[in-house]
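The values are calculated or read from the model by the stated rules, or taken from the named source; none is laboratory data. Not measured: the values here are computed from a predicted model. Every residue, glycine among them, receives a Cβ derived from its backbone with ideal geometry; neighbour counts consider all protein chains shown. Accessible surface is based on the protein model in full, side chains and every heavy atom, while ligands, DNA and RNA are left aside. Shrake-Rupley method; radii C 1.70, N 1.55, O 1.52, S 1.80 Å.
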Amino acid sequence: MTHQTLVLRNAKIFDGKGNAPYEGDIGITKDRITSVGTVPGNSDREIDLNGLAVAPGFIDVHTHDDFAAILHPDMSFKAMGGVTSCVVGNCGMGAAPCPQAALLARAFHPHAVLPDWSGYNGYLNYIDSHSPSINIGALAGHGTIRMAVMGNEARTPTADEMGHMKKLLQEGLEAGVLGLSSGLIYDPGRHADTDELIELASIMEGTGALYTTHMRNEGTELLQSLEEAIQIGQSAGVGIQISHHKAAGRKSWGLVKESLKLIEDAQQRNIDVHADQYPYTAGSTILSATIQQGGLDREGGGLGDMDAEGIVLASTESHQEWEGQSIAELATSFGQSPQETAEAILAQEPGATVVLHSMDEDDVQTVMQHPSTMIGSDGIPTLEGKPHPRLYGSFARVLGHYSRDLGLFKLETAIHKMTGLSARKFGLTDRGELHQGTFADLVVFDQNSIVDKGTFADPNHYPEGIHHLFVNGVQVINEGEHTGARSGRSLRRSLAIA
Ligand code: ZN
Ligand code: CU
């Protein structure tokens, strides 16, 4: 038997595939799991876990950490919550081409100085040469690509422009991006019609890359938007991932029962469609999109109907006194209407982010229980200010609050929704499952005490109950403390398949 680098003894092992846990030891050699079950001695180091749970490290399939992975390479806000891999580039917003991607970076990291890189190959190479603490896989962003070719033009692309967009996506595919994301409520993605998205996505056919989408409308037109997403994936011949599946705005509450049915029907027709979800009744985005989508209009647009009480300032560049206050409260102190107030804020803080209280708890639970749903935080990594607490707590909240305390599903099911299901959907080979031969991306936690600690009023807290974290066999969290280790890698589709 080969010499092992590390043995974890007396673990309660969750395999990530949804099977019931079992007791055993886990042997690790370098970056891989080399034995599971009864593991004999002969190793550099042993840790006795005394029955703590061990699972594949959580995979956050919905993040906006493209630049955070470079600016905050310890990635504490994810690692401390049990995450070993992030998928960046969601909602149409990607890390390349560089000048256009920098627009997004400026909204989330206003004071940051970022390096330049060329295309997705440059971005993923940068990740590999500077190693964040966790793994990073990337989606190409339709919005970023469109911006690079046609600016914010509200029209269909010419044949030349389409050819240029395809070239930019092709560069990403060759570099190993996991798919193409769209953000159809945002500039410039909202100007794209269904055919444009089909044509662009169709160059991914046969590659295993998928189409992920922040749909055009998550309010009263949720079902039509879902049909469009399925049509795009089906016509292009690629898998589909519905981002942050929800029914937003009081008028659309309950619609998720029908949207889940549409997903089931499509799956029965052999269409590869799934969704991700963050475990909260509030969303979060940029204030400018909220206003542009008629967020203060009783009719509601793509974000659903909301009121000024439900839109709360999260992070600003230099107006901390506004953070944590609703547009209704700010309107009172400004002595203006909510609409005027929002416009006045945007004039000074064009990148301001907001938390949107727009969902029904029953809907959140209905979506979470569905087998098509995996967990993705959609956290916005504005570490100053008051970001939505999903940035830190999404995975601990599903395990502690929803699985253990409310009993929505078994712990092994909850873990499957953040590991095995996610890895399979995004093509992350040898990750997301715990057995001999997979990468040693592991989280060790106490299933009796794991809990998210951040609240909307006071979000910047790591969850409790996470003891250890290993990324590619290297210990990143030890007894709840970050070790400073940076053993993350880029996760590229071509390498994942090889
Ligand atoms: Zn989104
Ligand atoms: Cu998102």
Seminar exercise, completed: (1) polar (S, T, N, Q); (2) in the same structural domain as Leu114 (by TED's automatic domain parsing); (3) away from ligand 1 (no atom under 16 Å from the Cβ) all hold for Ser35 apart from (2)
Problem set entry | Neighbours by Cβ (under 9 Å, 6+ apart or cross-chain): first from segment 301-330, touching a residue at least 40 places away in the same chain (Cβ under 8 Å); second among the basic types (Lys, Arg) and surrounded by fewer than 16 Cβ atoms within 10 Å (Cβ to Cβ) | Gly304/Lys251; Asp305/Lys251; Asp305/Arg298
Exercise. Inside segment 55-87, can you point out the residues that are in contact with a strand residue (DSSP E or B) (Cβ under 8 Å, 6 or more places away or on another chain), of a type in the set (A, V, I, L, M, F, W, C) and within 16 Å of ligand 2 (Cβ to nearest atom)?
Worked result: Ile59, Val61, Ala69, Val83, Cys86, Val87
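To keep it simple, each residue is scored yes or no on (1) more than 16 Å from ligand 1 (Cβ to nearest atom); (2) polar (S, T, N, Q); (3) modelled with pLDDT under 95; (4) touching a His at 6+ places or on another chain (Cβ under 7 Å).
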| position | (1), (2), (3), (4) |
| --- | --- |
| Ile28 | yes, no, no, no |
| Asn42 | yes, yes, yes, yes |
| His72 | yes, no, no, no |
| Ala102 | yes, no, yes, no |
Exercise. What number of residues within segment 60-95 are in a helix (DSSP H, G or I) and either within 21 Å of Gly400 (Cβ to Cβ) or outside the structural domain of Gly179 (by TED's automatic domain parsing) (or both)?
Worked result: 4
For this session: Kindly list the number of the only condition in (1) under 30 Å from Gly310 (Cα atoms); (2) more than 16 Å from ligand 2 (Cβ to nearest atom) that fails for Gly206.
Result: (1)
For this session: Go through segment 382-408 residue by residue and tally those that are in contact (Cβ under 8 Å) with a residue 24 or more places away in the chain, over 20 Å from Val444 (Cα atoms), surrounded by fewer than 24 Cβ atoms within 10 Å (Cβ to Cβ) and out of contact with any strand residue (DSSP E or B) (no Cβ under 6 Å at 6 or more places or on another chain).
Result: 4
Seminar exercise, completed: Residues of segment 292-309 being surrounded by fewer than 21 Cβ atoms within 10 Å (Cβ to Cβ) and not in a loop (DSSP other than H, G, I, E, B), in sequence order, are Gln292, Ala308, Glu309
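Among the candidates Glu299, Glu321, Glu317, Glu329, which residue alone is modelled with pLDDT of 95 or more and out of contact with any strand residue (DSSP E or B) (no Cβ under 9 Å at 6 or more places or on another chain)? Outline the logic, then answer.
Working: Glu299 fails: modelled with pLDDT of 95 or more; Glu317 fails: modelled with pLDDT of 95 or more; Glu329 fails: out of contact with any strand residue (DSSP E or B) (no Cβ under 9 Å at 6 or more places or on another chain).
Every option except Glu321 fails the conditions.
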Problem set entry | Residue within segment 317-334 that is open to solvent by 10 Å² or more (accessible area, probe 1.4 Å) and either in the same structural domain as Leu408 (by TED's automatic domain parsing) or within 16 Å of ligand 2 (Cβ to nearest atom) (or both) present | no
For this session: Can you confirm whether segment 22-36 contains a residue that is in contact (Cβ under 8 Å) with a residue 60 or more places away in the chain, surrounded by 18 or more Cβ atoms within 10 Å (Cβ to Cβ), in contact with a Lys or Arg (Cβ under 8 Å, 6 or more places away or on another chain) and under 25 Å from Leu411 (Cα atoms)?
Result: no
Seminar exercise, completed: Checked pairs for segment 57-78, first farther than 17 Å from Gly283 by Cα, second in a strand (DSSP E or B) and of a type in the set (Ser, Thr, Tyr), C-beta under 6 Å and 6 or more apart or across chains, list as Gly57/Thr84; Ile59/Ser85
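Just to be sure before I move on: is Met374 in contact with a strand residue (DSSP E or B) (Cβ under 8 Å, 6 or more places away or on another chain) and within 16 Å of ligand 2 (Cβ to nearest atom) in the structure I sent?
Numbers: in contact with a strand residue (DSSP E or B) (Cβ under 8 Å, 6 or more places away or on another chain): yes; within 16 Å of ligand 2 (Cβ to nearest atom): yes.
Judged against the criteria, Met374 is a match.
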Exercise. Quick check: anything in segment 268-285 among the basic types (Lys, Arg), modelled with pLDDT under 95 and not in a strand (DSSP E or B)?
Worked result: no
For this session: Return the residue satisfying two criteria in turn: it lies in segment 44-59 and is open to solvent by less than 30 Å² (accessible area, probe 1.4 Å) and part of a strand (DSSP E or B), and of such residues it is nearest to Ala138 (Cα to Cα).
Result: Ile59
Problem set entry | Checking Gln234 against (1) open to solvent by less than 20 Å² (accessible area, probe 1.4 Å); (2) closer than 23 Å to Glu258 by Cβ; (3) more than 16 Å from ligand 2 (Cβ to nearest atom), the condition it does not meet | (1)
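Counting just the residues of segment 247-264 that are open to solvent by 20 Å² or more (accessible area, probe 1.4 Å) and touching a helix residue (DSSP H, G or I) at 6+ places or on another chain (Cβ under 9 Å), which one comes out nearest to ligand 1 (Cβ to nearest atom)? Quick ask: steps written out before the conclusion?
In the first step, residues of segment 247-264 are kept if they are open to solvent by 20 Å² or more (accessible area, probe 1.4 Å); the result is 250-251, 253-255, 257-258, 261-262, 264.
Subset that is touching a helix residue (DSSP H, G or I) at 6+ places or on another chain (Cβ under 9 Å): 253-255, 257-258, 262.
Working: Trp253: 19, Gly254: 21, Leu255: 18, Lys257: 22, Glu258: 21, Leu262: 19 Å.
Looking at residues that are open to solvent by 20 Å² or more (accessible area, probe 1.4 Å) and touching a helix residue (DSSP H, G or I) at 6+ places or on another chain (Cβ under 9 Å), I get Leu255.
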